[in-house]
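Sharing a structure here in structure tokens format.
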Amino acid sequence: MTLIINHEFIKTLDGIDLYTHLIIVHFMHKVKAIKELKIPPRRMKNITKVGLFATRTSNRPNSHRCYSGGIIDRHRNIVKVLRLEAIGDTPILDIKPYIF
């Protein structure tokens, strides 16, 4: 996944490449409102319904998400990260280094 940071914030990325991993807080702006608090787990439809927090569904009570994962590359205002679960144009709320 490629993050494109607005040019006005490019200086906020200085030094980010000193780290191997990031924490990214983003807003899932296209997620549907929840209708049920319990659903069957993905790929396990024959199991009794479980609470949303016991599943990987994107439909959750809160549309803010927190991701932690590796940095692949950074060039100017573009940061490439591993396996961010987001779609294009997802608003990024915050980025910070992940320190093990």
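Where in region 19-59 is the amide nitrogen less than 11 Å from a point lying 7 Å along the Cα-to-Cβ axis of Glu85?
Counting only backbone N, you get 42, 53-59.
What FRET efficiency, computed as 1/(1 + (r/R0)^6) with R0 = 22 Å and r the Cβ-Cβ distance, is obtained for Phe27 and Arg76, rounded to the nearest 0.05?
According to the calculation, E is roughly 0.40.
Given a cut-off of under 8 Å on Cα pairs at least six residues apart, what relative contact order in percent is computed for region 1-91?
42
Could you bin all the Cα-Cα distances of the chain into 10 Å bins starting at 0 and give me the percent of pairs in each, rounded to whole numbers?
14, 40, 26, 15, 4, 0
What's the magnitude of the charge dipole for the chain around its Cα centre, counting Lys and Arg as +1 and Asp and Glu as -1 at the beta-carbon? Answer in Debye, nearest 20.
Approximately 720 debye in magnitude.
Now for a different question. Around Asp73, under 15 Å between beta carbons, what's the net of Lys plus Arg minus Asp minus Glu among the other residues?
With Lys, Arg at +1 and Asp, Glu at -1, the net is +3.
Would any residue of region 33-74 have its amide N under 16 Å from a label point 7 Å out along Cα→Cβ of Asp17? List them or say none.
Flagged as within label range: 71-74.
We did not get these values from a lab; they are worked out from the coordinates using the rules stated. Remember, it's a predicted structure, so these values are computed and weren't measured experimentally. Note that each Cβ is placed from the backbone with ideal geometry, even for glycine, and that neighbours are counted across all protein chains shown.
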